[in-house]
Amino acid sequence: MAQTVSVNFKLDAEVKKAMEKVCKEMGLSMSAAFTIFAKKVGREHRIPFEISADPFYSEQNIARLKKSIEQMETTGGTVHEVDYND
C-alpha cells in the first residue's frame, strides 16, 4: 500500500463550507476530492480546468476607468461619452 502524507493549507471558511457541501452531495470527502485533483494534475501535467483572469482588471479597462473617473471629477459628475475604441 502506498505511503500517505498529510498536506495542510488554508481555505476561506465559506469556500470550505461550500466545498464540503458539494462533496457530501457527491458522496465524497474533501480528502477524496483533493486526491482526485492531485492525481489528475500529476497524470496530465496541467490544472484540469481553465484558469483565466477577470477581464475587468485588464490594463486597458483600468485605464478606461481611471479616465472616466478623471472626467467625472473634472466635470463635477456630468454625463460624458465614452469612446470604446481607445
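The values are calculated or read from the model by the stated rules, or taken from the named source; none is laboratory data. Note that this is a predicted model, so its numbers are computed, not measured. Here the Cβ is made from the backbone with ideal geometry for all residues, glycine too, and neighbour counts use every protein chain on show.
For beta carbons closer than 8 Å, sequence separation of 6+ or different chains, a first residue in the range 14-41 that is within 17 Å of Ala2 (Cβ to Cβ) and a second that is in a helix (DSSP H, G or I), the qualifying pairs are Ala32/Cys23. Restricting the range 29-66 to residues that are polar (S, T, N, Q) and loosely packed, with under 10 Cβ neighbours inside 10 Å, the residue that is modelled with the lowest pLDDT is Ser52.
Do the conditions hold for Glu20, that is, is it in a helix (DSSP H, G or I), among the acidic types (Asp, Glu) and modelled with pLDDT of 90 or more?
Details: in a helix (DSSP H, G or I): yes; among the acidic types (Asp, Glu): yes; modelled with pLDDT of 90 or more: yes.
The answer is yes for Glu20.
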